[in-house]
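Here the structure comes first, spelled out in structure tokens, and everything after it is commentary.
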Amino acid sequence: MPTVFRNQVLIAALLAWTIAQILKVPVEYIRTKRIDWALLFSAGGMPSSHSALVASTAHAIGLFVGFDSALFGLAVAIAMIVIYDATGIRRQAGIHASIINAMIRDLAAGHPLREEQLREVLGHTPIEAIGGTILGLMTAQVLWFLWPQ
């Protein structure tokens with residue numbers, strides 16, 4: 001078996017990301033009463049797959065490599081950047097897109113300037129990022145319990 005399939009950190013990261021993406025569909029259904037399969041492949045929404053992936057990666061590195069390793073420190077730093085970006089910069093870009101779309105609708109009524117609307121769900125609310133982070137930590141922890149040491 002290729003060693004990549006025995007890489008606990010990579011498996012934890014991909015598993016957390018996959019679970020987060022799958023969970024977006026039922027969470028959105030509970031919120032809106034409609035199923036949106038496109039959420040399986042989209043950014044934004046609850047839980048944050050970005051937060052789940054980086055939290056799971058950092059926690060798995062801590063568990064399997066060591067919490068005192070330089071690699072764990074690097075993983076935590078990258079996780080902080082990614083989560084900050086998802087809840088700050090990308091979320092603001094989504095708010096800007098929403099405002100621009102509204103301006104185009106209002107100012108160009110009957111005269112479409114652009115056929116395609118800007119994507120408005122780009123980032124995450126803090127609760128979506130927290131949900132993804134918790135999911136990522138739990139995924140790595142469960143994998144650590146199940147993986148033979």
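The values are calculated or read from the model by the stated rules, or taken from the named source; none is laboratory data. Computed from a prediction, not measured in an experiment: that's the story for all the values here. Here the Cβ is made from the backbone with ideal geometry for all residues, glycine too, and neighbour counts use every protein chain on show.
Annotations for the structure displayed:
- Any chance Ser51 is modelled with pLDDT of 80 or more, in contact with a Gly (Cβ under 8 Å, 6 or more places away or on another chain) and among the polar types (S, T, N, Q): yes
- Sole residue being in contact (Cβ under 8 Å) with a residue 12 or more places away in the chain, over 24 Å from Tyr84 (Cα atoms) and in contact with a helix residue (DSSP H, G or I) (Cβ under 7 Å, 6 or more places away or on another chain), chosen from Trp37, Trp17: Trp37
- Odd one out for Phe5 among (1) of a type in the set (Phe, Trp, Tyr); (2) at pLDDT 95 or above; (3) not in a loop (DSSP other than H, G, I, E, B): (2)
- Test: residue in segment 15-35 that is assigned by TED's automatic domain parsing to the domain that holds Ile81, of a type in the set (Asp, Glu), over 30 Å from Val65 (Cα atoms) and out of contact with any Gly (no Cβ under 8 Å at 6 or more places or on another chain): no
- Residue within segment 19-37 that is within 30 Å of Trp147 (Cβ to Cβ), out of contact with any Leu (no Cβ under 9 Å at 6 or more places or on another chain), modelled with pLDDT of 95 or more and β-branched (Val, Ile, Thr) present: no
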